[in-house]
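Scroll down for the structure; my scribbles are underneath it.
The values are calculated or read from the model by the stated rules, or taken from the named source; none is laboratory data. The structure presented is a predicted model; accordingly, all values stated were derived computationally and were not measured. As a convention, Cβ positions derive from the backbone with ideal geometry for all residues, glycine included, and neighbour counts pool all protein chains shown. Ligands, DNA and RNA are excluded from the accessible area calculation, which covers all protein heavy atoms including side chains. Shrake-Rupley method; radii C 1.70, N 1.55, O 1.52, S 1.80 Å.
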Amino acid sequence: MMRELWGELVARAPHHFDAHYSALQYWSRKWRGTDKLAREFARTAAADAPAGSLLAALPLFAWYETTMHDDYAYLHCTSPQVRSMVAAAVEDMEQAGGHPALPRVQHLVAHCLHEQGRHREALRYFRAVDGWVDGVPWRYRPLARFAYRGARTAAVRAVVAERLRRRPPVGTPAP
């Protein structure tokens, strides 16, 4: 039944982000599929998607969905594979303009950039979505708004600390 519905849906709207995101949930282990099926579905959807459709971010969502229960998932954020998925999502977001799903992608990208130690880049997306905290990954946390605020605050502190390290000591003559 799902395959029939999916065939009809992609015939009508082949690059609809919300439809693909919902299908990803269906094909994931938590619903009717497997981790492998979810990841393959996401890769296939992203492969032929036009720029700005945000489907380039689908593999990143599939990665998160299949690793979120791993106690060390944050370590995987730094892997070359995840870095590549984040780069693809960022590139797609640059073309997405006012896409209605843009904030959802920005949340996950901000989280990944923060976990990668790329705090300045993460802040760009934290600022873009500030005030709405129901995106992935926060929605899976018991206290979503506090998880979001904690990550955002840690990114801000890291950027401020970096700036302070680069400032010359007080009393140092200007070059």
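Screening segment 79-102 for residues that are open to solvent by 50 Å² or more (accessible area, probe 1.4 Å) and either among the aromatic types (Phe, Trp, Tyr) or touching a Gly at 6+ places or on another chain (Cβ under 8 Å) (or both) and picking the one that is farthest from Ala56 (Cα to Cα) gives Gly97. For first residues located in segment 139-158 and at pLDDT below 90, partners that are aliphatic (A, V, I, L, M) and surrounded by fewer than 17 Cβ atoms within 10 Å (Cβ to Cβ) and lie 6+ apart or on another chain with Cβ distances below 9 Å form the pairs Tyr140/Met68.
Taking Pro169 as the residue in question, decide whether it is without any contact (Cβ under 8 Å) to a residue 24 or more places away in the chain, open to solvent by 80 Å² or more (accessible area, probe 1.4 Å), within 19 Å of Met68 (Cα to Cα) and outside any helix (DSSP H, G or I).
Values: without any contact (Cβ under 8 Å) to a residue 24 or more places away in the chain: yes; open to solvent by 80 Å² or more (accessible area, probe 1.4 Å): yes; within 19 Å of Met68 (Cα to Cα): no; outside any helix (DSSP H, G or I): yes.
The answer is no for Pro169.
Among residues that are of a type in the set (A, V, I, L, M, F, W, C) and either at pLDDT below 95 or buried (at least 20 other Cβ atoms within 10 Å of the Cβ) (or both), Ala128 is included.
Out of Ala38, Ala57, I need the residue that is touching an Asp or Glu at 6+ places or on another chain (Cβ under 7 Å) and within 23 Å of His119 (Cβ to Cβ). Which one?
Numbers: Ala38 fails: within 23 Å of His119 (Cβ to Cβ).
Selected residue: Ala57, the only one of Ala38, Ala57 that is touching an Asp or Glu at 6+ places or on another chain (Cβ under 7 Å) and within 23 Å of His119 (Cβ to Cβ).
Whenever a residue of segment 33-53 is among the hydrophobic types (A, V, I, L, M, F, W, C), its partners that are open to solvent by 50 Å² or more (accessible area, probe 1.4 Å) and in a loop (DSSP other than H, G, I, E, B), lying with C-beta atoms within less than 6 angstrom and at least six residues away or across chains, give the pairs Ala49/His15; Ala51/Gln95. Restricting attention to segment 137-157, the residues that are part of a helix (DSSP H, G or I) and surrounded by 17 or more Cβ atoms within 10 Å (Cβ to Cβ) add up to 6. Taken together, Arg124, Arg120 contain a single residue that is part of a helix (DSSP H, G or I), among the basic types (Lys, Arg) and closer than 28 Å to Thr66 by Cβ, which is Arg124.
Could you tell me whether any residue of segment 48-69 is over 27 Å from Trp6 (Cα atoms) and out of contact with any His (no Cβ under 7 Å at 6 or more places or on another chain)?
Taking segment 48-69 first, the residues over 27 Å from Trp6 (Cα atoms) are 69.
From the residues that got through so far, the ones that are out of contact with any His (no Cβ under 7 Å at 6 or more places or on another chain) too are 69.
Within segment 48-69 (the criterion being over 27 Å from Trp6 (Cα atoms) and out of contact with any His (no Cβ under 7 Å at 6 or more places or on another chain)), the answer is yes, since at least one residue qualifies.
Taken residue by residue, segment 91-106 has no member that is in contact with a Lys or Arg (Cβ under 8 Å, 6 or more places away or on another chain) and either in contact (Cβ under 8 Å) with a residue 40 or more places away in the chain or outside any helix (DSSP H, G or I) (or both).
Just one of the listed residues (Arg145, Arg127) is basic (Lys, Arg) and out of contact with any helix residue (DSSP H, G or I) (no Cβ under 8 Å at 6 or more places or on another chain), namely Arg127.
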